Amino acid sequence: MSDTSESATPEELKIRIEAGIPGAVASVTGDGHHFNAVISAPAFAGLGRIAQHRLVYDVFGDEIGGRIHALSIQTRASEAEETR
Amino acid sequence: MSENQMRDAIQEAIDSNPVILFMKGTPESPMCGFSARTVAMLNSVGASFAAVDVLPDPRIRQELSSISSWPTIPQLFVEGELVGGCDIVTEMYESGELTRALGLEGGPSAGSDGTADGASDAPLTIENRL
């Protein structure tokens, strides 16, 4: 659950996004409450923006709006290099 | 009002307004920067939209997010479909996609004349209808 009182850090968000979305590369900035994440991942290919952003929100569940007060997201699909 | 009635009222608002924004505060006095920016972009392209303030009752946000599977506010719906929040609306605004999605390609004046629905002009507040 999101009951930890410890602030989130950009580094934590980056690690969790990259662990939660296969092949994702994330760049995260933020002040502990408001964050901005720029993420590219092969998993985004063929998905609309709504579906891409949902994949990112799903990493954090109900921490969004709670411990992570606000998370701005920019997504783009990257090519899956290992499979090429 | 029960959660189910709240959910039905939200769904009805989404279904009956071609363009509807769920936001914190009102278009005239937004209570959050993301809501303010989204309203500013909609106004900038000349969109007519209904608006619902989610702040008066926490269940509005809870039931809305349950309907939309989207955790954050604001949320913009066009023709019953979730278009996105502030980030996606910003990308669409910058690319020109927003005017297309809202059927305003002919320019703000042509669009608002052609699509004005009357009902969609008036901000709607779910809590006032209970």
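The values are calculated or read from the model by the stated rules, or taken from the named source; none is laboratory data. Predicted model, so just to flag it, every value in this text is computed and none were measured. Glycine also receives a Cβ, built like all others from the backbone with ideal geometry; neighbour counts cover every protein chain displayed. Just so you know, the surface numbers come from the protein's heavy atoms only, side chains and all, with ligands and any DNA or RNA stripped out. Shrake-Rupley method; radii C 1.70, N 1.55, O 1.52, S 1.80 Å.
Per-structure values
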read-out: Average beta carbon contacts from partner chains per residue of A:48-54, 10 Å cutoff; value: 5
read-out: Nearest-10 value in Å² for the accessible area of B:Leu98, using the 1.4 Å probe; value: 0 Å²
read-out: Debye, to nearest 20: dipole size of segment A:10-78, +1 on Lys, Arg Cβ, -1 on Asp, Glu Cβ; value: 260 debye
read-out: Calculated from backbone phi, Karplus (6.51, -1.76, 1.60) coupling profile of segment B:66-79 in Hz, x at Gly/Pro; value: 5, 5, 8, 6, 9, x, 10, 10, x, 9, 9, 10, 10, 6
read-out: Accessible area (Å², 1.4 Å probe, nearest 10) - A:His33; value: 100 Å²
read-out: For B:Gly25, residues with placed amide H under 5 Å, excluding near neighbours; value: B:Met31, B:Val54, B:Leu55
read-out: Restricting segment B:1-48 to GluC sites (Glu not before Pro) in coil, as DSSP defines it, with at most 15 other Cβ within 10 Å; value: B:Glu28
read-out: Nonlocal amide H pairs with B:Val83, under 5 Å, H built at 1.01 Å; value: B:Leu76, B:Phe77, B:Val78
read-out: For B:Val19, residues with placed amide H under 5 Å, excluding near neighbours; value: B:Ala50, B:Glu79
